[in-house]
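Chemist: Starting off with a structure, shown below.
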């Protein structure tokens, strides 16, 4: 590298080159950072698993997979929390997904960029509202307001087979699986919207023109050209939102009602994994502490599974789109 | 560069009586915002003929093509002045629906743009949005369209495979099949072969000759040999520079039978271009 110019080289210049400090330094940095992520993940998994061992050994499988949580009598069943977490998140996703996809289609396909930009800005702003704020709003404003609505729905469905067991009374103070679902829906909508919008915005204009050139209306164009292009990414966005909803702590802790039970009644109070950890970890000791850490491990496992499923779906649809 | 030979077959056809007028373009100018892309274009496009638009880059040939099926409506700020009549109806009249226009006047693009769906679903997309739902009807349309596009034998055993797994030339023929599936009256082609090798190009040119008895075709091409091979009439566009505003506006220089344009043009600009002295 020091030999430049025709005078310095007698024969052809060598084809080898010593890579500079920047190159090697960057490679080392990237390698360390990558390994660090793995190491931290493994350490978290190992240490939480270690600390929850006493829960596993004292409760046994039957104890863990029971719905009975009663620290006073040393019963630490996890399933009421798993149930509450999944149910409230499923409600959140059912509410949030149509709204998110609708908004992202509106912003990318319907309104012109000049109008869309400020809306995007506001939506992104919603995503950064601290979750405790949503929780307080949920418990102070939303829940009292919903209480009356729950009451009238409950009396309306009284005696109707399936609906009664879903929406029947008696009504609570407004905290419930469903209230938690609504608050979580509001929290994950901006995230899903943002991710879905970015995916949908990558649909090539030429593909959309192809549909229009066949006489498609805007809706037909969206179904024919936009959707097949972005379905994998949108499913991924939905699952990211699902993961967020399940892991959400403060908001759920404030509005879900803090009673560990498994029931089909969505207007009843429930409990979720992050909420019980946040509420009870402070005064927990011994097996109870170990059980709460173990619950954390449960949540960790569930979110990993969901992420793997999401990845699988996205990759499968990408492969299909490539034509394999 | 010597003058291009115009094949005898094309000469014969060009000498025949012109078909019914399909498009009557009168004094059309197209703007993108304040930018005047093409000005004062007037020409008549005839039934069952292939009309080629040639000219250097930026001369507005694609813009004119896209005004013919209102594709430019999709570009924010695009605006058309003047009058385009399609089979006696004003194309830009208020009550005319752009989607109805595009169902009659299809378009094939420069870059093959099949949907990321199966070959079958690509061809069936247009008929489906036109309300055809019956499987047996769709099967028939798919087979007929793929045969018309000379693609049936190559894909009949993998209709349910993704269209994106095909070669570039096959994808472009699929896009033609997809356009033909809605049985349009006119097929507009915007440099359909510019990304293809000579063999694939030859297939598409043959295809155009075969289908022109049923359709009216307008093709934009950068390839002058292609224009001589496939077209009955040729429109030569050029660029006019506006020194004051430093903008370039496309103009139609000459429109005539292809043989005339290439062998005995009236305008010296055309002669310079087709013999390679300019552009």
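Chemist: Taking the 0 to 90 degree range and rounding to the nearest ten, how far is the long axis of helix A:79-105 tilted relative to the main principal axis of chain A, both from C-alpha atoms?
Modeler: Result, in degrees: 50.
Chemist: So what is the 222 nm mean residue ellipticity for chain A from helices alone, if each DSSP H run of at least 4 adds -39500 (n - 2.57) and you divide by all residues, rounding to the nearest 500 deg cm²/dmol?
Modeler: Rounded to the nearest 500, it is -23000 deg cm²/dmol.
Chemist: Residues in the stretch A:232-252 near a label at residue A:127, defined as backbone nitrogen under 11 Å from the 7 Å Cα→Cβ point?
Modeler: Residues A:241 fall inside that zone.
Chemist: Mind checking B:112-119 for the average number of partner chain beta-carbons within 10 Å of each residue's beta-carbon?
Modeler: 6
Chemist: A further question follows. As a footprinting exposure proxy, order A:230, A:152 by other Cβ within 10 Å, with the fewest listed first.
Modeler: A:152, A:230
Chemist: Also: In whole angstrom, how far apart do the alpha carbon centroids of the stretch A:219-285 and the stretch B:138-185 sit?
Modeler: Using only Cα atoms, the two centres lie 44 Å from each other.
Chemist: If one takes the longest principal axis of the Cα atoms in chain A, at what angle in degrees, from 0 to 90 and to the nearest 10, does the Cα axis of helix A:21-51 lie?
Modeler: The answer is roughly 20 degrees.
Chemist: Still on this structure, please answer the following. Taking only DSSP H segments of four or more residues, each worth -39500 (n - 2.57), what value at 222 nm results for chain B once the sum is divided by all its residues, to the nearest 500 deg cm²/dmol?
Modeler: Only helices count here, giving -10000 deg cm²/dmol.
Chemist: In Å, what Kirkwood hydrodynamic radius results for chain A from the alpha-carbon pair distances?
Modeler: Value: 23.3 Å, from the Cα pair sum.
Chemist: Averaging sequence separations of C-alpha pairs under 8 Å and six or more residues apart, then dividing by the length of chain A, give the relative contact order as a whole percent.
Modeler: Computed over chain A, the figure is 26 percent.
Chemist: On a 0 to 90° scale, report how tilted helix A:143-157 is relative to the longest principal axis of chain A, with both axes built from alpha carbons and the result rounded to the nearest 10.
Modeler: 70 degrees
Chemist: Can you give the Rg and Dmax of the protein assembly as shown based on its C-alpha atoms, in angstrom?
Modeler: My reading of the Cα-based Rg and Dmax gives 33.2, 104 Å.
Chemist: While we're on this one: For B:156, B:135, A:208, which order do you get if you count the other beta carbons within 10 Å of each Cβ and list the fewest first?
Modeler: B:135, B:156, A:208
Chemist: Computed over the Cα atoms of the stretch A:153-222, what is the convex hull's projected area averaged over all directions, in nm²?
Modeler: Spelled out: convex hull of the Cα atoms, projected over all directions, averaged, 8.0 nm².
Chemist: Can I ask one more? Pull out the extension gain between residue A:47 and residue A:62, defined as 0.36 nm times the separation in residues minus the alpha carbon to alpha carbon distance; nm, one decimal.
Modeler: This chain segment gains 3.1 nm when fully extended.
Chemist: Follow-up question, since we're still on this one. Determine, for A:244, B:248, the number of other Cβ atoms within 10 Å of each Cβ, and report the residues in order from fewest to most.
Modeler: B:248, A:244
Chemist: In addition: Given the protein assembly as shown, what percent of its DSSP beta bridges are antiparallel, to the nearest 5?
Modeler: 60 percent
We did not get these values from a lab; they are worked out from the coordinates using the rules stated. This is a predicted model, so every value here is computed, not measured. Because the Cβ atoms are built from the backbone with ideal geometry, glycine has one as well, and the counts that use them run over all protein chains shown.
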